[in-house]
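Below is one structure, written out as structure tokens; the observations come after it.
Nothing in this text is a laboratory measurement; each read-out follows from the coordinates by a stated rule. From a predicted model like this one, the values you see are computed outputs, not experimental measurements. Positions of Cβ are backbone-derived with ideal geometry, glycine not excepted, and every protein chain shown enters the neighbour counts.
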Amino acid sequence: MNPWFAKFRSDERGVAALEMAIVTPLLAGLVLASYALWDTASRRQDERAALNVGVQYYFHGGGDDTMASQLILNAWQRRPVDSTLNLTRTCMCETVPLACNSLCSGGAPPSVYVKMQLTANDPKALTNPEVVDSRVVRVR
């Protein structure tokens, strides 16, 4: 065996630097992936919390869809510019859709449901930038 290679093989200087050079990119990748997942989860939580504000508004007797929209949009922290909120009212007699100004067969007013749907395309989200989330609440 070459004496130079034997000397090189027995020299342990720089082993820690080599290990650090191998481990550092892996740790950096793990940190970046963790941040991306946390950021995405945080943004989704903001959206869900905003929808829950709308649900609470209706649960506590609110009936104005414009007011509900404003409350939801104001509660949505870090709302992307490219986002929409749609509120849709549906009236039902049991399982049959009906016009909201009509009465059910027994003369009772129909049940009124409001569907709140958020749609967003968030380029700042590192993973899954497109979001569609909705809630349906019975108003009466």
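Starting at 0 and stepping by 10 Å, how many percent of the alpha carbon pairs of segment 3-138 end up in each bin?
10, 26, 20, 14, 9, 7, 6, 4, 2, 1, 0
Add +1 for every Lys or Arg and -1 for every Asp or Glu among the other residues with Cβ under 14 Å from the Cβ of Pro80, and state the total.
Neighbour charge sum, excluding Pro80 itself: -2.
Only Lys, Arg, Asp and Glu count, each charged at its Cβ (+1, +1, -1, -1), so figure out the dipole size of segment 15-140 about its Cα centre, rounded to 20 debye.
It comes to approximately 340 debye.
Please order Trp38, Trp76 by the number of other Cβ within 10 Å, starting at the fewest. Before the final figure, lay out each step's value.
Details: Trp38 11, Trp76 21.
The fewest-first ordering by Cβ neighbours comes to Trp38, Trp76.
For Asn52 and Val112 in one chain, what is 0.36 nm times their gap in residues minus the Cα-Cα distance, to one decimal in nm?
19.8 nm
So if I take the centroid of the Cα atoms in segment 39-87 and the same for segment 88-132, what is the distance between those two points in Å?
If we compute the Cα centre of each part, the gap is 14 Å.
Determine, for each peptide in 52-61, 85-94, 18-27, the mean count of other beta carbons within 10 angstrom over its residues, then list the peptides with the highest first.
Taking the mean over residues of other Cβ atoms within 10 Å, the ranking is 52-61, 85-94, 18-27.
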